[in-house]
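*Asks:* Before I ask anything, here is the structure I am working with.
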Amino acid sequence: MNLDLLNPEQARAVLHKEGPLLVLAAAGTGKTRVITYRIARLIEENVPPEKILAVTFTNKAAEEMRQRIESLSPGKGSAVWVFTFHGFCAKLLRQHYELAKLSRYFTIYDQSDQKRLITEAMKELGFDKETAKASMYAGIISRAKDDLLDAGSYAIYAETTIDASRKTAAKIYSVYQKKLENAGGVDFGDLLLKVCSLLKEHPSIREYYQDYFRHILVDEYQDTNHAQYIITKTLASKHKNLCVVGDDDQSVYSWRGADIRNILEFERDFKDTGVVTLEQNYRSTKPILEAAGRVIRNNGKRKAKTLWTKKEGGNAIHVQELMDEREEASWVIRKIEAEKRSGRPLSDFAIFYRTNAQSRSFEEALRRAGINYRLIGAMRFYQRQEIKDALAYARVILNPQDEISLMRIVNTPPRGIGKTSLERIKAYAHLKNLNALDSFKAASDIENLTPSCRRSLTELSSFLERIQADLPSLSAGAAMARILEESGYLSWLEKECETDLEAASRLANVQELLNSVKEYEERREAAGSPLSLGQYLEEISLQTDRDDTPGGEESVTLMTIHLAKGLEFPVVFLTGLEEGLFPIGSNNSSPEELEEERRLCYVGMTRAKEMLYLTHASTRRVFGQTYSNIPSRFIMEARLEGEFLNPQKRLSSQPLSTPHSPNVPSQRMGASLRIGSRVRHPLFGTGEVLEKSGSGETAKALIRFQNGRIAKLVLRYAPLEVI
């Protein structure tokens with residue numbers, strides 16, 4: 001291992017001996033190299049590789065880490081435990097499923113499965129008219145699990161709040177969790193929660209893993225939530241050889257449960273911590289780094305660090321004001337076309353925005369210009385209907401208790417099993433204490449079913465049992481091929497292609513699924529181990545939207561700034577830099593929320609390697625109304641007059657219209673607002689007024705929005721519309 005490839009700070013981190021280590025790795029400073037080299041050094045110093053645990057947040061990052069470790073420590077690196085947090089927890093629960101009170105082949109439910117089950121729970125509780133809020137309640141339940149609150153604990157917490165939605169969430173959580181357990185399933189939150197419970201309630205298991213893992217390394221530590229913090233701290237409590245790597249300035253996932261205090265207070269949690277700060281940036285030019293540094297220094301809760309680079313020169317940052325979002329998009333695309341004519345490939349360009357809704361104007365402009373683009377964060381492959389249908393078959397074969405998956409496939413393709421028949425089957429299953437699949441087998445004993453329905457149920461259960469019996473002798477690819485063929489799903493799609501043009505793309509996606517299984521098999525075979533159907537399902541179940549990163553054909557990349565974290569592009573357009581949009585809801589945000597918005601801006605700026613454009617529109621349409629805007633405070637903070645920024649006024653010579661401004665609301669708004677009023681906010685959506693206070697310019701309203709957010713808004717600045 002050649003330490004000459006490391007700078008002095010990186011080498012200090014790699015050569016750190018025993019005890020806790022905090023590596024503050026600012027943007028673009030080579031943190032992955034530090035982690036992989038440190039693991040390779042530990043192996044060189046005779047730490048058994050199987051006693052080393054490395055944890056990160058995305059499957060892509062974990063795979064990259066595995067490959068780098070193996071290249072540095074050939075023949076030994078593959079024994080290191082390299083996982084995402086959820087992947088690691090899934091492995092522990094598979095090994096100790098009985099102690100965790102799980103079935104051996106428990107199903108991992110993804111977000112869409114979770115939402116579907118929550119919708120069922122809501123209907124069972126009589127909340128049929130509120131099922132549109134299923135995503136909101138899914139988020140609440142997930143955050144509760146991140147905070148290690150099971151259904152019972154959350155119910156106690158909900159009773160202490162005045163928020164009715166929390167009380168409703170507690171009821172839904174309880175029914176949802178029972179349904180999940182009855183189906184032999186776990187969601188992502190359960191993977192963490194159940195491992196925490198396993199380690200807490202079983203001292204022998206806890207002590208075994210505390211002794212087993214000699215060294216633990218955690219990447220992106222600023223993104224850890226409470227459950228991940230507890231797991232990490234518990235496992236490292238014996239040897240105390242915990243190395244965490246991260247950057248508090250890039251902590252932008254509080255809405256997912258990430259707690260910035262985990263990294264800010266690491267030295268308090270682990271005494272005698274060694275601290276190494278990585279500040280030499282290998283990605284960006286000096287003008288970009290200095291402007292980003294001026295922005296982030298306005299945050300109070302941060303570890304001091306200053307990015308620098310040995311790179312000389314660099315283009316001035318370009319700030320451009322445009323008339324509206326349409327002109328903003330047109331200007332960005334003209335810039336891309338000009339750079340492309342000078343020889344830049346389309347893959348050099350990335351357009352970032354704060355909210356998904358902003359992508360529309362850029363997509364339209366790119367299509368008009370005939371420029372290929374890739375929209376990151378759109379529906380991913382494994383979320384498509386036909387793929388989830390195929391995977392549901394596989395899930396039921398592995399886990400016959402998985403009622404959600406069974407209900408998905410029972411009439412896909414159509415088998416003539418109606419809603420009334422399914423209700424009778426469910427009632428029979430409940431009466432006889434059977435799972436749904438067993439009740440299918442007993443179809444002949446269920447009253448009031450038609451002969452064709454009984455025949456379909458028998459054929460379906462026989463097919464599933466047949467594949468289940470053959471599964472031990474089948475590879476993952478062979479099993480999936482048989483499932484698709486013998487279920488009739490492939491022939492059904494082929495038949496649909498005759499009358500439905502979209503069916504052709506669905507058929508192509510199903511064919512691509514088989515390619516996917518084959519690729520996973522080949523990777524496993526290269527590593528010396530076969531791939532079972534269960535292992536394949538687990539790998540794809542653990543994928544998240546943070547794994548969805550650019551690649552493939554040459555194209556411009558479009559994405560929200562949250563998804564840009566960890567990436568880099570030669571040319572970046574950071575768009576929509578306006579007060580109220582970025583920072584979002586600025587006049588109504590808490591100091592903590594504003595600091596996170598500033599960190600998000602810092603993340604966006606530091607993705608750029610060579611050129612950075614900051615754009616803002618003087619007017620923007622929101623819910624059909626046109627609002628005038630002022631430039632984001634982040635543009636002002638980045639400014640160093642006459643040196644690195646190149647401010648430009650909008651190019652259009654057209655005069656500004658006189659739109660309704662959110663900064664000058666009508667007096668009628670305050671007067672017409674009542675407790676219980678329904679309102680719409682351009683960014684937070686619809687909500688209900690819970691309280692009103694103050695008057696005139698200080699008038700405020702406490703509003704509960706459908707997405708779960710409760711905000712106190714100053715009516716003078718909030719662009720609210722009474723519904």
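The values are calculated or read from the model by the stated rules, or taken from the named source; none is laboratory data. Quantities reported herein were computed from a predicted structural model and do not represent experimental measurements. Neighbour counts are summed over all protein chains in view; Cβ atoms, including those assigned to glycine, are modelled from backbone coordinates with ideal geometry. Accessible surface is based on the protein model in full, side chains and every heavy atom, while ligands, DNA and RNA are left aside. Shrake-Rupley method; radii C 1.70, N 1.55, O 1.52, S 1.80 Å.
*Asks:* How would you classify region 423-468 from its alpha-carbon gyration tensor, with a ≥ b ≥ c the square roots of the eigenvalues: rounded for a/c under 1.5, else prolate if a/b is greater than b/c, otherwise oblate?
*Replies:* Numbers: a/c = 2.74, a/b = 1.24, b/c = 2.20.
Verdict is oblate for region 423-468.
*Asks:* Give me the percent of accessible area attributable to carbon and sulfur for the chain, probe 1.4 angstrom.
*Replies:* Exposed carbon and sulfur together represent 49 percent of the surface.
*Asks:* I'd like to check one number: the per residue accessible area of the chain, probe 1.4 Å, reported in Å² as a whole number. Intermediate values should be presented prior to the final figure.
*Replies:* Details: 32010 Å² over 723 residues.
Here the residues of the chain average 44 Å² of exposed surface.
*Asks:* What percent does the relative contact order of region 85-240 come to when contacts are Cα pairs within less than 8 Å and at least six residues apart?
*Replies:* Numbers: 146 pairs, mean separation 46.9, N = 156.
Reported relative contact order: 30 percent.
*Asks:* In percent, what relative contact order does the chain have, based on Cα pairs under 8 Å that are 6 or more apart in sequence? Could the numbers behind the result be given before it?
*Replies:* Numbers: 1174 pairs, mean separation 114.8, N = 723.
Relative contact order for the chain comes out at 16 percent.
*Asks:* Fully extended, how many nm does the chain gain between Ser204 and Glu279 (0.36 nm per residue separation, minus their Cα-Cα distance)?
*Replies:* Stretched out fully, the Ser204 to Glu279 stretch lengthens by 22.8 nm.
*Asks:* Rounded to the nearest 0.05, what FRET efficiency do Leu434 and Lys303 have when you use their Cβ-Cβ distance and R0 = 51 Å? Don't jump to the answer; show the numbers that get you there.
*Replies:* Details: r = 57 Å, r/R0 = 1.12.
So the FRET efficiency works out to roughly 0.35.
*Asks:* Mind giving me the nanometre distance, one decimal, between the label points for Leu422 and Asp470, set 7 Å out from Cα along Cα→Cβ?
*Replies:* 2.7
*Asks:* Continuing with the same structure: Would you please name the GluC sites (Glu not before Pro) within region 91-195 that are DSSP coil residues with at most 13 other C-beta atoms within 10 Å of their C-beta?
*Replies:* Numbers: sites: Glu98, Glu120, Glu124, Glu130, Glu159, Glu181; in loops: Glu98.
The qualifying sites are Glu98.
*Asks:* Using only the Cα atoms of the chain, what do you get for the radius of gyration and for Dmax, in Å?
*Replies:* Calculated on Cα positions, Rg and Dmax stand at 27.4, 85 Å.
*Asks:* Would you tell me the accessible area of Cys196, worked out with a 1.4 angstrom probe on the heavy atoms of the protein chains, in Å² to the nearest 10?
*Replies:* 20
*Asks:* Consider a paramagnetic label point 7 Å from the Cα of Ser197 along Cα→Cβ; state which residues of region 87-119 have an amide N under 17 Å from it.
*Replies:* Counting backbone N atoms under 17 Å from the label point, the list is 89-109.
*Asks:* Taking the dipole about the Cα centre of the chain, with the C-beta of Lys and Arg at +1 and of Asp and Glu at -1, give me whichever of Ser153, Ile333, Phe352 is farthest to the positive side.
*Replies:* Most positive-ward Cα: Ser153.
*Asks:* In nm, to one decimal, how far is the Gln706 label point from the Ala316 one, both placed 7 Å along Cα→Cβ?
*Replies:* Taking the simple label geometry, Gln706 and Ala316 are separated by 4.7 nm.
*Asks:* Just to be sure I understand: of the beta bridges DSSP finds with both ends in the chain, what percent are antiparallel, rounded to 5? Please list the in-between numbers first.
*Replies:* Working: 23 of 73 bridges.
Looking only at bridges with both residues in the chain, the antiparallel portion is about 30 percent.
*Asks:* Which trypsin sites (Lys or Arg not before Pro) does region 1-92 hold that lie in a coil by DSSP with at most 11 other beta carbons within 10 Å? Don't skip to the answer; put the middle values down first.
*Replies:* Working: sites: Arg12, Lys17, Lys31, Arg33, Arg38, Arg41, Lys51, Lys60, Arg66, Arg68, Lys76, Lys91; in loops: Lys17, Lys76.
Within region 1-92, the qualifying trypsin sites (Lys or Arg not before Pro) (loop, at most 11 other Cβ atoms within 10 Å) are Lys17.
*Asks:* Leaving ligands, DNA and RNA out of it, work out the accessible area of Thr606 with a 1.4 Å probe and give it in Å² to the nearest 10.
*Replies:* The value for Thr606 is about 0 Å².
*Asks:* What lysines could a cross-link reach from Lys305, if we take a straight Cα to Cα line under 21 Å and drop same-chain neighbours fewer than 8 places away?
*Replies:* Lys31, Lys286, Lys565, Lys609
*Asks:* Give me the net charge of Gly416's neighbourhood, meaning all other residues with Cβ under 14 Å from the Cβ of Gly416; Lys, Arg count +1, Asp, Glu -1.
*Replies:* Details: positive: Arg415, Lys419, Arg454, Arg455; negative: Glu459.
That sum, taken over residues with Cβ under 14 Å, equals +3.
*Asks:* Follow-up question, since we're still on this one. Mind listing the phi-derived Karplus ³J(HN,Hα) values for region 633-638, rounded to whole Hz, using 6.51, -1.76 and 1.60 with θ = phi - 60°, and x for any glycine or proline?
*Replies:* 4, 5, 5, 5, 5, 6
*Asks:* How far, in nm, would the chain grow between Ser444 and Leu690 when pulled straight, counting 0.36 nm per residue and subtracting the alpha carbon separation?
*Replies:* On the way: separation 246, 0.36 × 246 = 88.56 nm, distance 5.46 nm.
My answer for the length gained is 83.1 nm.
*Asks:* While we're looking at this one, here's another question. Okay, which of region 65-95 sit inside 14 Å, backbone N to the point 7 Å along the Cα-Cβ direction of Tyr212?
*Replies:* 80-83, 88-95
*Asks:* May I pose another question? Go ahead and estimate [θ] at 222 nm for the chain from helices alone: -39,500 (n - 2.57) per DSSP H run with n ≥ 4, summed, over the residue count, rounded to 500.
*Replies:* Details: 29 runs with 329 residues, N = 723.
My calculation for the chain gives -14000 deg cm²/dmol from helical runs alone.
*Asks:* Rounded to the nearest Å, what's the spacing between the alpha carbon centres of region 120-187 and region 569-603? Just the number, please.
*Replies:* Computed from Cα coordinates, the inter-centre distance equals 31 Å.
*Asks:* Within straight cross-link reach of Lys518, meaning Cα distance under 22 Å, which lysines are found once same-chain residues fewer than 8 apart are removed?
*Replies:* By straight Cα distance, Lys518 reaches Lys60, Lys388.
*Asks:* If you don't mind, there's one more thing I want to ask. Give the average over all directions of the projected area of the C-alpha convex hull of region 1-101, one decimal, in nm². Write down the numbers at each step before the final one.
*Replies:* On the way: hull surface 30.0 nm².
With every direction weighted equally, the projected area is 7.5 nm².
*Asks:* Placing +1 at every Lys and Arg Cβ and -1 at every Asp and Glu Cβ, with all other atoms neutral, what dipole size does the chain have around its Cα centre, in debye to the nearest 20? Could you put the intermediate results ahead of the total?
*Replies:* Numbers: 101 positive and 97 negative charges, 277 e Å.
Here the size comes out at about 1340 debye.
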